[in-house]
1. Provide, for the chain, the number of lysine pairs with alpha carbons under 16 Å apart, each pair being eight or more places apart or on different chains.
2. By how many degrees, 0 to 90 and rounded to 10, does the Cα axis of helix 136-147 deviate from the longest principal axis of the chain?
3. In whole percent, how big is the carbon plus sulfur part of the accessible area of the chain, probe 1.4 Å, protein atoms only?
4. Could you tell me what % of all Cα pairs in segment 37-85 have separations over 16 Å?
5. Trypsin sites (Lys or Arg not before Pro) within segment 87-137: which are DSSP loop residues with at most 16 other Cβ atoms inside 10 Å?
6. For the chain, what is the calculated [θ] at 222 nm in deg cm²/dmol (nearest 500), taking -39500 (n - 2.57) for each run of four or more DSSP H residues and dividing by its residue count?
7. Mind checking the angle between helix 119-130 and the chain's longest principal axis? C-alpha axes, 0 to 90 degrees, to the nearest 10.
8. Please report the relative contact order for the chain, taking Cα pairs under 8 Å with a sequence separation of at least 6, and give it as a percent rounded to a whole number.
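The values are calculated or read from the model by the stated rules, or taken from the named source; none is laboratory data. Given the structure is predicted, the values throughout are model-derived calculations rather than measurements. When we count neighbours, we look across all protein chains shown, and the Cβ atoms used for this are built from the backbone with ideal geometry, even at glycine. For the accessible areas, the whole protein counts, side chains as well, though only heavy atoms, and no ligand, DNA or RNA atoms are used. Shrake-Rupley method; radii C 1.70, N 1.55, O 1.52, S 1.80 Å.
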Amino acid sequence: AHVKCGVSYHALNLMRYGVPDSAVEARFSIPYCVSAALVLGKLGIQAFSDEAIARADIRDLIGKITVTILPAFSTQELFQAAHDAGTAYTEVEVVHRSGKVFRKRRDHQKGHPDSPLSIEEFHAKFVDCVSARFSPQAAQTVWQWLANLDEVKLVKPAAFLSRDGLLDRFSSTN
């Protein structure tokens with residue numbers, strides 16, 4: 001079993017790490033991101049914790065990930081022309097140990113204007129992102145507050161959140 005990722009010159013230039021030694025390197029490692037997504041089922045904030053980066057199952061899978069530059073996007077000029085024309089893409093091929101092959105081509109990353117997040121996906125991403133600082137209940141309260149921001153009459157929202165230690169009470173780290 002193995003995974004082949006075909007990317008642009010630009011993507012590999014940005015995502016330059018193979019086997020990451022830190023959370024920062026993991027964020028810029030295609031093999032790590034693919035491995036973590038396959039093992040964890042999604043690629044959220046927790047995938048970049050020291051614990052996740054050290055997981056043997058994720059690290060073992062990294063060795064089964066091959067990243068290559070697609071010939072159509074092998075130089076800065078070729079990639080830029082394809083990007084400007086809206087024809088750049090990424091390909092992923094997963095070969096299962098049974099021999100079955102799964103292929104996917106993606107023209108735009110999720111969250112791009114041409115591939116927007118649904119409100120449910122955006123909500124899940126928001127909760128995941130703030131979970132390191134807020135409890136789930138506080139994250140939901142902030143989500144609701146932001147969803148209805150046009151109705152909020154506060155002049156200084158940051159003052160409201162920090163007044164009387166409200167942020168501290170909602171924090172999952174205190």
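1. Lysine pairs meeting both conditions in the chain amount to 7.
2. Taking the Cα atoms of the chain, the angle to 136-147 is about 90 degrees.
3. Values: 6490 of 11320 Å².
The computed percentage sits at 57.
4. Details: 667 of 1176 pairs.
Result: 57 percent of Cα pairs exceed 16 Å.
5. Details: sites: R97, K100, R103, K104, R105, R106, K110, K125, R133; in loops: R97, K100, K110, R133.
Those that pass, being in a loop and sparsely packed, are R97, K100, K110, R133.
6. Details: 10 runs with 79 residues, N = 174.
Calculated at 222 nm, the ellipticity per residue is -12000 deg cm²/dmol.
7. 80 degrees
8. Working: 216 pairs, mean separation 37.9, N = 174.
Computed value for the chain: 22 percent relative contact order.
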